[in-house]
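The next block holds one structure in the form of structure tokens; read it before the comments.
The values are calculated or read from the model by the stated rules, or taken from the named source; none is laboratory data. Please read all numbers here as calculations on a predicted model, not as lab measurements. Every residue, glycine as well, gets a Cβ built from its backbone with ideal geometry; the counts of neighbours run over all protein chains shown. Accessible surface areas use protein heavy atoms only, side chains included; no ligands, DNA or RNA. Shrake-Rupley method; radii C 1.70, N 1.55, O 1.52, S 1.80 Å.
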Amino acid sequence: MTRLRTAAALALAAPLALAACGGGDDGTVTLRYAFWDDPQRPALEAMIDAFNEDHPDIRIELEQTPWDEYWPGLDSQFAGESAPDVFWNHVSRFPAYASSGVLLPLTDRIEEDGLDASVYPEDLYASWQFEGDQYGLPKDWDSIAMVYRLDALEAAGIDPSELDGLEWNPDDGGTYVEFLQKLTVDADGDNALSPDFDPGNVVQYGTAMASSTGQTDWWNYAVQNGCDLQTEPWGDYAIDAPECVEAIEFTADLYNRWGVAVPAEVTNQPNGSLASEQVTAGAAATALDGSWTLGVYRDGLEPGTWAVADNPSGPAGSGTVINGLSNAVYAGTEHPDEAWEFVKFLGSEEAQAIAADLGSVWPGVAGLNGRFADYWAGQGVDVSGFQTAAEGTTTGYPLSLDDAAFSTAALDEFNQVWLGDKDAQAAADAVVAIANE
């Protein structure tokens, strides 16, 4: 369903991208607004409707492009000086964009309008600063937690309360791997702990993993194993350290040693199936997934049949990757004042309350977190696992001017590790050498 919507949206977005942003004969100004996550479209449309109540002379055209095509397309538009007026920005791309001058500095406008930045978590707001200027307002925040199917746990005789104490280690896998083995079932109903289990005829795996970066798979195990992805923010990548390699090996072992994860041949990105698709289809019982995917699970599973728990703990304790997006303004926009008005509204409590009340994302305005949780409670889902994870040991998305080199190398190298075709240490060494060169 999601991919069909995505394909259709991309087809519709193409002619919009060719349209010049400008003013109409009636004085209306048109702004192009680019984003990648189609499940968030309803919330965006509702926010645009609210914005137009006070700004009827500013028309917003949505342009949705899937993640993997979004960044190459945006780079091409920057080069051709035809980028959207306002667009979603990600911390992985922010440093390069800020340093290259394609983002409009917002510092003076924030000060002139007396914007109260204290409504945002301090670290979240500061993550969009570069060389003394602010280049975005927090749109949301996210963390990783365990999404699981209640029917799968019930069939395996597992009480959901058992998830609170799951632990893993690289030697025997710990209670976490045992939990996943109970949930990995063959066509005869035997699980992976049974002597009669047939690993060549699995109908349900314990977990599914699919990440083009590591954000929803091995980075979380890395945090739980005491790994620092970088020596410092904006510093060198350090994933060749022993505690990092051990986490990479553990992730590979879930595929190849214990056989409790949907095979990498099925889920390796960018063309493989997503973890959420495997869980909603019944092919996997759990997934460590991002809070931004909640809408996918809601649309794919019946109410009351799934839930969210905190992540397992590793040798160094519990932990998760945290992240957030911003709404940014293109430096070359023909309408900077109108674009700022729109971005300012998107960062307001009024706009973010709309997203929270629709259960779209955890809002960037911290005081609205309860409203987001309340929405999901009304859907029969306790999403507090994401907040619990975020309140524990965390690591932010790596900040680097070399993210493109790192991401490209990591996808290529670790896809081979997940397939069992490459050693984890050799892959980590290669990625570090390429990214830090």
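How about region 139-180: which of its residues are more than 19 Å from Y205 (Cα to Cα), buried (at least 20 other Cβ atoms within 10 Å of the Cβ) and not hydrophobic (A, V, I, L, M, F, W, C)?
K139, D140, D142, S143
So which residues in region 111-138 are open to solvent by 20 Å² or more (accessible area, probe 1.4 Å), touching a residue at least 12 places away in the same chain (Cβ under 8 Å) and within 19 Å of P336 (Cβ to Cβ)?
Passing the criteria: D113, L115, F130, D133, Y135.
Would you say P312 is crowded, with 22+ Cβ neighbours inside 10 Å and under 30 Å from N191 (Cα atoms)?
Considered against the rule, which asks whether it is crowded, with 22+ Cβ neighbours inside 10 Å and under 30 Å from N191 (Cα atoms), P312 comes out as yes.
For the structure I just gave you, tell me whether T293 is within 22 Å of S360 (Cα to Cα), hydroxyl-bearing (S, T, Y), open to solvent by 10 Å² or more (accessible area, probe 1.4 Å) and not in a helix (DSSP H, G or I).
no
For region 28-44, which residues satisfy the criterion of being in contact with a helix residue (DSSP H, G or I) (Cβ under 7 Å, 6 or more places away or on another chain), in contact (Cβ under 8 Å) with a residue 60 or more places away in the chain and open to solvent by 10 Å² or more (accessible area, probe 1.4 Å)?
Listed by number, the residues that qualify are V29, D37, P39.
Does region 206-219 contain any residue that is at pLDDT 95 or above, among the acidic types (D, E) and open to solvent by less than 30 Å² (accessible area, probe 1.4 Å)?
yes
Condition (residue is hydrophobic (A, V, I, L, M, F, W, C) and closer than 20 Å to I434 by Cβ) applied to region 212-219: is it met by at least one residue?
Yes, there is a match, as at least one residue in region 212-219 is hydrophobic (A, V, I, L, M, F, W, C) and closer than 20 Å to I434 by Cβ.
List the pairs whose first member sits in region 307-331 and is under 21 Å from T251 (Cα atoms) and of a type in the set (G, A, S), whose second member is open to solvent by 10 Å² or more (accessible area, probe 1.4 Å) and assigned to a strand (DSSP E or B), and whose Cβ atoms are under 9 Å apart, counting only residues at least 6 apart or on separate chains?
Correct list of pairs: A309/Y148; S313/E167; G314/E167; G319/S313; G319/T394; G319/T395.
Can you name every one of the helices (runs of 4 or more DSSP H) wholly within region 329-437 that holds 3 or more residues which are over 30 Å from L115 (Cβ atoms) and open to solvent by less than 40 Å² (accessible area, probe 1.4 Å)?
403-418, 424-436
Taking the options T65, T30, name whichever one is at pLDDT 95 or above and in contact with a Cys (Cβ under 7 Å, 6 or more places away or on another chain).
T30
Any idea which residue in region 66-87 is nearest to the chain's Cα centre (by Cα), counting only those that are acidic (D, E) and part of a helix (DSSP H, G or I)?
If we take residues in region 66-87 being acidic (D, E) and part of a helix (DSSP H, G or I), then D68 is nearest to the chain's Cα centre (by Cα).
Yes or no: region 277-289 includes at least one residue that is of a type in the set (V, I, T), more than 19 Å from R41 (Cβ to Cβ) and in a strand (DSSP E or B).
Yes, region 277-289 contains a residue that is of a type in the set (V, I, T), more than 19 Å from R41 (Cβ to Cβ) and in a strand (DSSP E or B).
Consider L163 carefully, then state whether it is in a loop (DSSP other than H, G, I, E, B) and over 23 Å from H90 (Cα atoms).
no
Among the residues of region 99-152 satisfying the criterion of being among the hydroxyl-bearing types (S, T, Y) and under 29 Å from T280 (Cβ atoms), which is modelled with the lowest pLDDT?
S143
For region 235-249, state whether one or more residues are open to solvent by 10 Å² or more (accessible area, probe 1.4 Å) and either among the polar types (S, T, N, Q) or on the phi > 0 side of the Ramachandran plot (or both).
No, the conditions are met nowhere in region 235-249.
For residues that are under 19 Å from N271 (Cβ atoms) and not polar (S, T, N, Q), tally how many sit in region 34-74.
Residues flagged as under 19 Å from N271 (Cβ atoms) and not polar (S, T, N, Q) within region 34-74 amount to 11.
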